[in-house]
Amino acid sequence: AEKGDNVSQYFIGNCYFYGKSIVGNYKKAIEWYSKSSKGGNTKAMSKLGYSYVFECGVERNEKKAFELYLKSVEGGYKYASYIVGQFYRDGIGVLQDKSKAFEWYLRAAGIGIVDAQNLVANYYNDGKYVSKNEEKGFYWNRKAAINGDINAQYKLAEYYLNRDKKKAFKWYLKLANEHKQRAIYLVAKCY
């Protein structure tokens, strides 16, 4: 880490940030994340962005946080594209723009970020900031459900309830097997 290995620097930053094996210290975490970030570590950039939003060892600076997340995306850290969408949605460090938020969510959904897949489905189903498109909404909801998003799994089961009882049962059973109370009740009603 002292010789410039950005992965080691990132992990040392995590040790200080989370207090793993050492006493937690946000300021030291920031030092290590900064070194790692300068060496091109995109996760460290993202963690610095987080720190600037939630004042972990640094003063709140939303604009700097946004810039760090953008740089993290440009460097290839996929999950950061979802966070950039959140910044646009909530107007953190940038002017609020729900349409741009959707563009970033769509980008993140396309590269497999499950949280984004669920949000894209909601955008298409609601039709508030993009044209309503139930077919695309179903597509992204199904994708999120298959990838493990519990809310999407419930929505998919409810969608199938009046269309294909076997598929609805399959999704409720999957949720019941994950100890989701409402799903356990609905599966029990089927017997």
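Tell me, yes or no, whether the range 2-16 has at least one residue that is on the phi < 0 side of the Ramachandran plot, loosely packed, with under 14 Cβ neighbours inside 10 Å and not in a helix (DSSP H, G or I).
yes
A count restricted to the range 95-123 and to residues that are surrounded by fewer than 19 Cβ atoms within 10 Å (Cβ to Cβ), aliphatic (A, V, I, L, M) and farther than 15 Å from ILE146 by Cα stands at 1.
Scanning the range 77-94 for residues that are under 15 Å from the mean Cα position of the chain (by Cα), surrounded by fewer than 18 Cβ atoms within 10 Å (Cβ to Cβ) and in a loop (DSSP other than H, G, I, E, B) yields a single hit, LYS78. Return yes or no: is ALA145 out of contact with any Pro (no Cβ under 8 Å at 6 or more places or on another chain), of a type in the set (Gly, Ala, Ser) and without any contact (Cβ under 8 Å) to a residue 24 or more places away in the chain? The answer is no for ALA145.
Residue-wise test of (1) more than 23 Å from the chain's Cα centre (by Cα); (2) in a helix (DSSP H, G or I); (3) modelled with pLDDT of 90 or more.
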residue: TYR124; (1), (2), (3): no, yes, yes
residue: ASN141; (1), (2), (3): no, yes, yes
residue: LYS155; (1), (2), (3): no, yes, yes
residue: TYR159; (1), (2), (3): yes, yes, yes
residue: PHE169; (1), (2), (3): yes, yes, no
residue: TYR172; (1), (2), (3): yes, yes, no
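Kindly establish whether GLY24 is in contact with a helix residue (DSSP H, G or I) (Cβ under 8 Å, 6 or more places away or on another chain) and at positive phi. No. Considered as a group, the residues in the range 95-105 that are more than 22 Å from MET45 (Cα to Cα) and part of a helix (DSSP H, G or I) include one that is nearest to the chain's Cα centre (by Cα), and that residue is PHE102.
The values are calculated or read from the model by the stated rules, or taken from the named source; none is laboratory data. Remember, predicted model here, so these are calculated numbers, not experimental data. Don't worry about glycine lacking a Cβ; one is built from the backbone with ideal geometry, like all the others, and counts go over all protein chains shown.
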